[in-house]
Amino acid sequence: MLVRCLYASRAAAGSGPAVLDDILSQSRRNNPAKGITGLLCVSDHVFIQLLEGGRDEVCDLYHAIVRDSRHEHVRLLAYDEITQRQFGNWTMGQVNLAKVNPSVLLKYFTRAELDPFHASGEATLALLQELVASASIVGRGD
């Protein structure tokens, strides 16, 4: 059974740009063997990550992320059973929101900034889908 898990977190206090590089590198190295695909969106120390794959593998990874000292305030935004992947060709795509038009963020959030903690999981997922459709992805990690 395939599932999709969408969560948000904040980078741990004192984290620098190396944290994002570490997370992406670890995801791209470990996720293919687990059958996990997805997307990572980062802005101002806020992470939004969408994970797709088998239920056990996605749940295990999500629980590891909750325990990971690089993340704080981990919040589950959505968890769904799915019939097919949206990011099946991605080991872990990355979106750099610094290069996204602020009006796109304003479409889904109350201000033109990434704030998944005060938005619905549905709105956050719609933002990710729009970013993919508009080719705002920095890398697929294939």
Hits in the range 37-58 - residues which are touching a strand residue (DSSP E or B) at 6+ places or on another chain (Cβ under 6 Å), touching a residue at least 40 places away in the same chain (Cβ under 8 Å) and either farther than 25 Å from LEU105 by Cα or in a loop (DSSP other than H, G, I, E, B) (or both): ARG55, VAL58
Long-range neighbours under 9 Å by Cβ, at least six apart or interchain, first residue over 14 Å from SER9 (Cα atoms) and touching a residue at least 60 places away in the same chain (Cβ under 8 Å) within the range 59-83, second among the charged types (D, E, K, R) and not in a helix (DSSP H, G or I): TYR79/ARG4; ASP80/ARG4; GLU81/ARG4; ILE82/ARG4; ILE82/GLU52
Leading residue by the ranking (farthest from SER25 (Cα to Cα)) among those in the range 69-90 that are of a type in the set (D, E, K, R) and assigned to a loop (DSSP other than H, G, I, E, B): ARG85
Positions within the range 106-128 being surrounded by 13 or more Cβ atoms within 10 Å (Cβ to Cβ) and in a helix (DSSP H, G or I), in sequence order: LYS107, TYR108, PRO116, PHE117, GLY121, ALA123, THR124, LEU125, ALA126, LEU127, LEU128
The range 22-58: number of residues that are among the small types (Gly, Ala, Ser), at pLDDT 85 or above and more than 10 Å from the chain's Cα centre (by Cα): 4
Residues of the range 62-71 satisfying the condition of being in contact with a strand residue (DSSP E or B) (Cβ under 9 Å, 6 or more places away or on another chain) and at pLDDT below 95: ILE65, ASP68, ARG70, HIS71
Test: residue in the range 74-94 that is at pLDDT below 95, farther than 17 Å from PRO32 by Cα and not basic (Lys, Arg): no
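This table checks each residue for (1) over 13 Å from the mean Cα position of the chain (by Cα); (2) modelled with pLDDT of 90 or more.
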position	(1), (2)
ASN101	yes, no
LYS107	yes, yes
THR110	yes, yes
GLU113	yes, no
ALA119	yes, yes
GLN129	no, no
VAL132	no, no
ILE137	no, no
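The values are calculated or read from the model by the stated rules, or taken from the named source; none is laboratory data. The shown structure was predicted, so the numbers you read here are calculated from the model rather than taken from an experiment. Cβ atoms come from the backbone with ideal geometry, glycine included; neighbour counts cover every protein chain shown.
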